[in-house]
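The structure appears right after this line, and notes come after that.
Since every read-out is calculated from the coordinates, none of them should be taken as a lab result. The structure presented is a predicted model; accordingly, all values stated were derived computationally and were not measured. Neighbour counts are summed over all protein chains in view; Cβ atoms, including those assigned to glycine, are modelled from backbone coordinates with ideal geometry.
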Number of protein chains: 2
Amino acid sequence: MSQTGALASESASTIARAAKTAFEASQLVPSSERVNALHEIRRELENAKAEILEANRKDLQAAQAEVDAGRMAQSLMKRLDLTKGDKWDSMLQGVTDVADLPDPTGKITYACELDDDLELYRVSCPIGVLLVIFEARPEVVVNIAALAIKSGNAAILKGGKESNETVQLLSKAIQTALAKTPIPNTYIQAIQTRAEVSALLELDQYIDLVIPRGSNSLVRSIQNSTRIPVMGHADGLCAVYLDQAADAEKAARITVDSKTDYPAACNAAETLIVHEALLSTTWPKVARALLDADVHLLCDQRTLSALSSISPAPPKLSTHVRPSKPDDYRTEHLSLTISVLAVPSLAAAMAHINAHSSHHTDCIVTEDTSAASIFCRGVDSAGTFVNASTRFADGFRYGFGTEVGISTGRIHARGPVGLEGLVIYKYMLRSKGPNGHIVGEFGVGAGKKQYKHVKIDAASVLF
Amino acid sequence: MSQTGALASESASTIARAAKTAFEASQLVPSSERVNALHEIRRELENAKAEILEANRKDLQAAQAEVDAGRMAQSLMKRLDLTKGDKWDSMLQGVTDVADLPDPTGKITYACELDDDLELYRVSCPIGVLLVIFEARPEVVVNIAALAIKSGNAAILKGGKESNETVQLLSKAIQTALAKTPIPNTYIQAIQTRAEVSALLELDQYIDLVIPRGSNSLVRSIQNSTRIPVMGHADGLCAVYLDQAADAEKAARITVDSKTDYPAACNAAETLIVHEALLSTTWPKVARALLDADVHLLCDQRTLSALSSISPAPPKLSTHVRPSKPDDYRTEHLSLTISVLAVPSLAAAMAHINAHSSHHTDCIVTEDTSAASIFCRGVDSAGTFVNASTRFADGFRYGFGTEVGISTGRIHARGPVGLEGLVIYKYMLRSKGPNGHIVGEFGVGAGKKQYKHVKIDAASVLF
């Protein structure tokens, strides 16, 4: 191990141990104190506003130099700017909003009387220590800290190196605020280097969940280098399928919204699948609507022919429509471009989606309830939508109040993840019997007891 | 890659693709067919009983040769024997029992009206393709297949090489039975070699969850070599803590049951923690009860002195009691041995448990409800028990009807895992509106709609 590596490893170990200790100590603090801590954090951020914005100005200066040298995109630099629009105020409001959400911990999800005076409760509780790795936008550190604190998890945060100065100051404000509460200030820690991340990924005895928020390659590289569970989202390859029984108006509206409402989002549609019965009817209308919205179409041979053969030719046919390549159907365009193909059947559409999509969100446009039901069962994605834009796949729109991210994994949490995705549960078993309870009393034969297994009606428990 | 490696990789890829295809096809089959399939499997196992037991005889013969050559433990060989006791009949009964359990899929866990005519449902559904790796006992293949089918997951199973002949025949019977149903027979497949397992661990596009059932080292080695999520149980280092306010009778009963009811189980106690106030009172009584049950005690200096200083000396003091070493407190004895230490406080007991236990199940014996509550919150384990034996940590005893395993992980499923641990959910969004639903209609400003977010009362949906 290099000297830097050894240093990072020692520092990571100290940080991780401190996080676990803080987590364990926090379990004895009532959850109302976590809400108070969020209000303290908001106040401290307000107090430290001048300092934080000064640090942000340094990050922006450094970024400007990178942009001038052609090493950073202008759009990335813009995302760093905490003074832009209402970003600062909405960051603060976000803390208050999270504080006001219902407590996801302490909820009973199973309660059963195993025997007289022997009661089992499954109670929601935090996961433990989270390692959250995110890119550019510095305000994410505040958002994630708020979610972690609200759900009772300790967190170690690593932002993009471009926002380093800002993140350090934001995290200092968070720690200053925590120091005024019964929650240890090492509950939320920020780290700065990739070497520390690498070292932390080894420490599965202290870190319980890694949440990478960023590119597909970031997520996979982390999955490849740790035993710790990873909750990431791989990518967003969403499809809209226009069924044989699609209403033409709905088809156009939903396809255009799915593609153009926010093309850079993971829940934007990247592929349009057209039933062959629609090639000369609905498809030209939908294509026209997409072209009117300035969308580029990458078409398979049949959908391309169908457009070429109509007269008058659709506007922008020559500039915005071209033949697709196989890779286009596995590409997250994240821009005003959509890949298009024709299929002979609903089954073929589902097979294409299951083979090519990222199992994020896929939509069928149809008036046929039986086709809708088959699509919803047969498409193996986190979201299966009927006559509704893929853009609805979002924690706020789903009614969760906030969103940790959108998981394309298939265990623990799938789709938009709210605070519920940051908790697990523990089983509490309490005997009130005069002799306590032992297993040896149960079984078959004379004098042995049988389990009662009577459900208990209980919604929450203070423990 | 070696030629064997390349072959295994090709075979693994074929198997994994077939499993995923079978899984996808099965999503269109009603869940009642999965129950029928379980009944078919039981019938086919009965039909093939002679063949299967003949294969089992071959495995046993080969195992006997290994035992004779000193390369296999007699106890391991015994676990292979399908004819032993009522093993065959209870294996068959297990299939029927699983068939009779409630369907874990199709349950609605969240339902919300986002807008007029726009309804969101979160519906429980299978995870996908499971890779289950287990050791010796061949009947596990039938048990796991039943659980996978009931929960709607496809499965690839790898048994111990000692039970290879038996597992092949059991799995052939399962596939024969599936061929009589609408469920593809590649829904359940058995593999034979470690090379195939290694190759499958690479295929995260087809395999969704790995479930290793076996030793701690098996679980960790798998976690180290795959991007696929792993649901395993690391080990069972459970503790009983005798609080200052412990009742002496309960202390003895619960400690003895936790240690001796089934010492080889993961929920057996391995550590006894004694509050120092009990050293000359309750502790000698508990020690006597343990010694009477033939338990060996590995004691720290204070608990050892306390025993040595009483007169008359406890029986077996010289043969069954010796000083402990630090490693003993991290050892899963799995035998009639327990490590013992004294602590000055409840906080010290919790700190010891959080630092040493495997976060499986830990128990406090106390009459003090406040100490009980602090213990249950502060001990970071899947099970925190009050005055009840650690041996209650079990899916059957908890009332789940069956058990996939006991998870010491902290995401998805924790503690004893029933059928619920084999499902996840998907979000179904249905618009019944005259124009479908698009996101562009919502927002701030004139003419924009607001989300309603009205909870819908719905328990289950056929989709």
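Overview of results
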quantity	calculated
Highest average packing first - A:318-325, B:365-372, Cβ atoms within 10 Å	B:365-372, A:318-325
Between region A:308-342 and region A:32-74, the Cα center-to-center distance that results, in Å	41 Å
Centre separation in Å (Cα based) which lies between region B:161-188 and region A:233-280	41 Å
Backbone N within region B:183-214 under 18 Å of label point (7 Å from B:Leu7 Cα along the Cβ vector)	B:191-200
Size of electric dipole in chain B: Cβ of Lys, Arg +1 and of Asp, Glu -1, about Cα centre, debye, nearest 20	420 debye
Gyration tensor over alpha-carbon atoms, the protein assembly as shown, equivalent ellipsoid semi-axes in Å	49, 37, 25
Burial order of peptide ranges B:96-106, A:242-252, B:33-43 (average beta-carbon count within 10 Å, highest first)	A:242-252, B:33-43, B:96-106
Average beta carbon contacts from partner chains per residue of B:333-341, 10 Å cutoff	0
Whole-angstrom gap from region A:359-427 to region B:349-372, using each part's C-alpha centre	39 Å
Candidates per trypsin sites (Lys or Arg not before Pro) in region B:86-191, loop by DSSP, up to 15 other Cβ within 10 Å	B:Lys180
Cβ-Cβ FRET estimate between B:Thr14 and B:Gln205, R0 fixed at 22 Å, reported to 0.05	0.95
Inter-chain Cβ neighbour average for residues B:368-381, partner chain, 10 Å	4
Residues of region B:255-282 with amide N under 17 Å of a point placed 7 Å along Cα→Cβ from B:Glu249	B:255-257, B:282
Hydrodynamic radius by Kirkwood, which averages 1/r over all alpha carbon pairs of region B:80-146, in angstrom	15.3 Å
Global form of region A:1-100, assessed from the alpha-carbon gyration tensor, a/c cut-off 1.5	oblate
Share of alpha-carbon pairs per 5 Å distance bin for region A:320-463, given as whole %	2, 7, 11, 14, 13, 11, 8, 6, 6, 6, 6, 4, 3, 2, 1, 0, 0
Rough spin-label spacing in nm, given labels placed 7 Å along Cα→Cβ, for A:Asn36 and B:Tyr451	3.2 nm
7 Å along Cα→Cβ, label-point gaps from B:Gly433 to other copies, nm, shortest first	5.8
Dipole in debye (nearest 20) - the protein assembly as shown, about Cα centre, beta carbon charges: Lys, Arg +1; Asp, Glu -1	620 debye
FRET E, pair A:Asp368, B:Thr319, Förster distance 56 Å, beta-carbon r, rounded to 0.05	0.10
Where rotation carries B onto A, the chain B residue whose Cβ is nearest that axis, in whole Å	B:His412, 2
Rg in Å to one decimal, and Dmax rounded to a whole Å, for chain A via C-alpha atoms	26.2, 90
Residue among B:Val123, A:His437, B:Ala190 farthest towards the positive dipole end of the protein assembly as shown, charges placed on Cβ	B:Ala190
Per residue, the convex hull volume that the Cα atoms of region B:238-400 enclose (Å³)	97 Å³
Calculated FRET value between A:Ala65 and A:Asp86, using beta carbons and R₀ = 30 Å, to 0.05	0.65
Cβ-based exposure ranking for B:Glu276, A:Glu44, B:Glu54, in which fewest neighbours within 10 Å come first	B:Glu54, B:Glu276, A:Glu44
Expected 222 nm ellipticity per residue - DSSP helices of 4 or more, -39500 (n - 2.57), all of chain B, to 500	-12500 deg cm²/dmol
Ordering of B:111-117, B:297-303 by burial proxy (mean other Cβ atoms within 10 Å per residue, highest first)	B:297-303, B:111-117
Neighbouring partner chain Cβ atoms per residue of A:114-121, average, 10 Å criterion	3
Residues in region A:233-256 reached by a label modelled at A:Leu334 [backbone nitrogen below 13 Å; 7 Å Cα→Cβ]	A:234-237
Interatomic Cα distance distribution for region B:3-223, bins of 5 angstrom, percent	1, 7, 14, 17, 18, 16, 12, 7, 4, 2, 1, 1, 0, 0, 0
Principal-axis tilt of helix A:140-151 within chain A, Cα atoms, nearest 10 degrees	50 degrees
